[in-house]
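The structure under discussion appears below in the form of C-alpha cells.
The values are calculated or read from the model by the stated rules, or taken from the named source; none is laboratory data. Because the structure is predicted, anything quoted here is derived from the model rather than measured. Cβ sites come from the backbone with ideal geometry, for glycine too, and all protein chains shown count toward neighbours.
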Amino acid sequence: MKKFLSANEAVAYAAAQAGCAVASAYPGTPSTEILENIARFKDTVKCEWAVNEKVAMETAIGASMAGGRALTAMKHVGLNVAMDPLMTFTYVGATGGMVVISADDPGMHSSQNEQDNRNLAKFARAPLLEPSDSQEAYDFTVAAFDLSEKFEVPVLIRLTTRTSHSSSLVDLGDFRPAPRPLIPYRRNIRKHIPVPMFARGQRLAAQKRTAAMEAACCASPLNRVIRGDDSLGIVTSAVAYQYTREIFPEFSVLKLGWTNPLPKALVADFAKSVGRLLVVEELDPFLEDQIKAMGLAVVSHETELNMLELNADRLQNLRRELLGDVPAAAVPEVDPQLPTRPPVLCAGCGHRGVFYVLHKLGAVVTGDIGCYTLGAFPPLDAMDSTICMGASIGNAAGMRKAGLKGRICAVLGDSTFFHSGMTGILSARYNGTPVTTVVLDNRITGMTGHQDNPGSGKTLTGDPAPVTEIDAIARAMGYKKVVTVSADDLAELERILADAMDGDEGALVIAYAPCRIAAKLTKEGLCETDPSACKACGACFKLGCPAITRGEEVRPGFFKMKIDPNLCAGCRQCSQVCKFGAIKRVR
C-alpha cells in the first residue's frame, strides 16, 4: 500500500500501524497535523487535544506506565513546556513504547524563537531519531516504538517545518491498524516513584542504558553509509541529507538517522575511510561539536549553516567555498516597486476592536502567542510584548509590581487562557496585583488552524464536550470584576476597559466574537460607504481592516474610503468609528 503523505501524516499512519493506544498533544505549527490525522484512526487510537504540552506529555506517560503504546507531539517551544515530566520519565523508563515528536521550526516560519531540540534530547538522555523525508518519518516512528520498549525509555523524533510539511510517496507495506495488547501492569514504586533513594539508582541505570544504546546505534540500519568519492566524506542527518545529496552527489556520505547517542565508533570508522571530513547539519553544530570532541578533524568553512533554515543555495555556496567548481547561488531580485504584504487580522476579526480601543486608551499591552500578536503592528500599534504562551499576565503583573504607572493590560486568547493563563490570573489574584486581563474569546484555537479547546464544546474527534466558561473560572478564583462584552461593540469596550484599567483591583474582561473563518461568517454581512458623506478624515483606516481601501484622494494624503465587498464580513466596527455616518450595513 502506497500513499502520498507529508511527514506529519506519515507519523500518524505509523502510530496507528504500530498499535499506539493513546495520543495526546497541543496544536502548534509545524506539528499540528499529526494529531489531526491520528484522529482518523480513532477506532484504534484514543486521541485528544490536551490543554497544554505538559499535560499531553503526562497523559502519554500514564498510558506508557499502564503498558500501552503512547505518542505525544508538539512544536519545538512546546517541548520546553513539557520538559519537566520528560526529564524525570527518562529516569523512570517507559513500559509501553512512548514516542515524543518535536517539530522544530528553523527559520521561524511561525515561531517566536529558533531552537534545536536535539540539544534537549541529549540533555534528557533520550534516544533521538531524525527522518529526512516522509518514508523515513513512517519507518522511524514504527521503529521508535520498538526501541522505546527495548531500552525502556521515551524516544524523541525530531521533525522540522520542511519535513513536516513536505510530501512524498510512502510505502506503508501491509497497513493494518489494530489495537495492541497492553503489557501487563505491575505496581512498582522503585520504578515509578523517583524519590531520591530510588532516583539515584535510576541515574546510574540511565548511564548504562546510554552506553547500550550507543552500541546499538552503531549497528542500526537507521544509520547508513552511501559510498562515493572518498576524497571528501560528509556526515549529515535529517533534511540536511537531502540538500547534501543534491549539491554534493558524488561524495561519500554518512547519513545518521539515529543521532543521540552519537554512534561514535561508526563516525570514527567513516572518518578513517575518507580524505577530509565535513559535517552538514541544520541549526546548532550538534553533531560537529561532538565529532570534534572525539579528536577528529572537521573541515572548517566561512559559509553560515547554523542559523536559520538550511537550503540548497547555502550548500551551493559552501561547495563554491570548498571546491570552487560551482558559481555562487543566484540571489533573486525583488522589484522595489512591489508593495509589501504584511500579515493582518482578518476582515471582521473581533480582536481588531479590542486593540483599536486599547490604543485609543493609551494602554501598555502585554501580549501572548496567537493571531492577536498582529495587534502589535500599525495602524493598531497596541501590543508591547510577546514572550510565550500565558506570559502576558505574569508580564503585566511584573510591570505593575516594578512600579510602572498608567494603564496596563494583559491580552491572550481563549485557548491560551486554558493552556497557561489560568495560573497567571490566580497568581495575580493571590499576590494582590491589580492586573486587568482581556481574554479574546473566539471559541477556537485560531492561529494553528481552528482546533477545538475546552471552550468550544467539541473534542479532537468531533464528539460533544462540556463547555468550560472562562468567567466562571475567574469568579471561582475570587475575581469580583468579571465582565463579558461583545468585541464588536467599540463604545462598550472602551467604557469597560477604561473602568477596569483605572480601577484598583484585578479584573477579567472577556471580549467575545466568533472567529469568522471557523464559524463560516465571512459573508455574514456587507458594509458600504456613502461617498457624499465621507469626509476623508482617515479615522476608519486606523482599524487596519483589509476590506477598507483607499478611494478618491481629496487632498494630499487624505483619501475617501472604499469597502471591498469581496473582503467585508459585516462586523460594523468601521461604522462605529465613522463620526459622519458615511458607512452603513447593507446586508
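Does Thr340 meet the test of being hydroxyl-bearing (Ser, Thr, Tyr), in a loop (DSSP other than H, G, I, E, B) and in contact with a helix residue (DSSP H, G or I) (Cβ under 7 Å, 6 or more places away or on another chain)?
no
Return yes when Met389 is within 24 Å of Val467 (Cα to Cα), surrounded by fewer than 24 Cβ atoms within 10 Å (Cβ to Cβ) and in contact with a helix residue (DSSP H, G or I) (Cβ under 6 Å, 6 or more places away or on another chain) and no when it is not.
Taking the combined requirement at face value, the residue does not satisfy it.
Taking segment 289-306 on its own, how many of its residues are in contact (Cβ under 8 Å) with a residue 40 or more places away in the chain and of a type in the set (Asp, Glu)?
Residues that pass the stated criteria total 0.
With the checklist (1) farther than 30 Å from Ala397 by Cβ; (2) within 29 Å of the chain's Cα centre (by Cα); (3) outside any helix (DSSP H, G or I) in hand, flag the one item Val331 doesn't pass.
Result: Val331 fails condition (2) only.
One line per residue, one yes/no per condition, for (1) within 20 Å of the chain's Cα centre (by Cα); (2) of a type in the set (Gly, Ala, Ser):
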position: Ser102; (1), (2): yes, yes
position: Asn113; (1), (2): yes, no
position: Asn119; (1), (2): yes, no
position: Ala124; (1), (2): no, yes
position: Tyr138; (1), (2): no, no
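Working carefully through the options Cys540, Cys574, Cys534, find the one that is surrounded by 17 or more Cβ atoms within 10 Å (Cβ to Cβ), within 17 Å of Ser486 (Cβ to Cβ) and outside the structural domain of Pro378 (by TED's automatic domain parsing).
Going through Cys540, Cys574, Cys534 in turn, the sole match is Cys574.
Right, Tyr26: aromatic (Phe, Trp, Tyr) and under 25 Å from Asp171 (Cβ atoms) or not?
No, not satisfied.
Can you tell me which residue among Thr72, Thr95 is buried (at least 24 other Cβ atoms within 10 Å of the Cβ) and over 17 Å from the mean Cα position of the chain (by Cα)?
Every option except Thr95 fails the conditions.
Mind checking whether some residue in segment 491-503 is on the phi < 0 side of the Ramachandran plot and in a strand (DSSP E or B)?
Scanning segment 491-503 turns up no residue that is on the phi < 0 side of the Ramachandran plot and in a strand (DSSP E or B).
So, of the residues in segment 455-482 that are part of a helix (DSSP H, G or I) and among the aliphatic types (A, V, I, L, M), which turns out to be nearest to the chain's Cα centre (by Cα)?
Ile470
Only one of Arg158, Arg200, Arg176 is assigned to a helix (DSSP H, G or I), assigned by TED's automatic domain parsing to the domain that holds Ala63 and either in contact with a helix residue (DSSP H, G or I) (Cβ under 8 Å, 6 or more places away or on another chain) or under 18 Å from Thr90 (Cα atoms) (or both). Can you tell me which?
Sole residue among the options that is assigned to a helix (DSSP H, G or I), assigned by TED's automatic domain parsing to the domain that holds Ala63 and either in contact with a helix residue (DSSP H, G or I) (Cβ under 8 Å, 6 or more places away or on another chain) or under 18 Å from Thr90 (Cα atoms) (or both): Arg200.
Would you mind stating whether Glu553 is loosely packed, with under 14 Cβ neighbours inside 10 Å, in a strand (DSSP E or B) and of a type outside the set (A, V, I, L, M, F, W, C)?
yes
Can you tell me which residues in segment 257-287 are small (Gly, Ala, Ser), closer than 26 Å to Ala143 by Cα and outside any loop (DSSP other than H, G, I, E, B)?
Of everything in segment 257-287, those that are small (Gly, Ala, Ser), closer than 26 Å to Ala143 by Cα and outside any loop (DSSP other than H, G, I, E, B) turn out to be Ala265, Ala268.
Regarding Val253, is this residue assigned by TED's automatic domain parsing to the domain that holds Thr72 and over 27 Å from the mean Cα position of the chain (by Cα)?
Spelling it out, it is not the case that Val253 is assigned by TED's automatic domain parsing to the domain that holds Thr72 and over 27 Å from the mean Cα position of the chain (by Cα).
Restricting attention to segment 129-136, does a residue exist that is surrounded by 15 or more Cβ atoms within 10 Å (Cβ to Cβ) and either in a strand (DSSP E or B) or at pLDDT below 90 (or both)?
Scanning segment 129-136, I find at least one residue that is surrounded by 15 or more Cβ atoms within 10 Å (Cβ to Cβ) and either in a strand (DSSP E or B) or at pLDDT below 90 (or both), so the answer is yes.
Being of a type in the set (D, E, K, R), in contact (Cβ under 8 Å) with a residue 40 or more places away in the chain, part of a helix (DSSP H, G or I) and surrounded by fewer than 24 Cβ atoms within 10 Å (Cβ to Cβ) narrows it down to one residue among Glu58, Glu36; which is it?
Answer to the selection: Glu36.
When Ser64 is evaluated against the numbered criteria (1) surrounded by fewer than 24 Cβ atoms within 10 Å (Cβ to Cβ); (2) over 19 Å from the mean Cα position of the chain (by Cα); (3) part of a helix (DSSP H, G or I), which criterion, by number, is the only one it fails?
Failed condition: (1).
Pairs please, first residue from segment 71-97 and in the same structural domain as Ala121 (by TED's automatic domain parsing), second anywhere and buried (at least 24 other Cβ atoms within 10 Å of the Cβ) and among the basic types (Lys, Arg), Cβ atoms under 7 Å, 6+ apart in sequence or on different chains.
Pairs found: Gly96/Arg69; Gly97/Arg69.
How many residues does segment 107-128 contain that are surrounded by 24 or more Cβ atoms within 10 Å (Cβ to Cβ) and touching a residue at least 60 places away in the same chain (Cβ under 8 Å)?
Qualifying residue count for the region: 5.
Given the structure, is Val170 within 17 Å of Glu281 (Cα to Cα), surrounded by 23 or more Cβ atoms within 10 Å (Cβ to Cβ) and not acidic (Asp, Glu)?
So Val170 fails the test.
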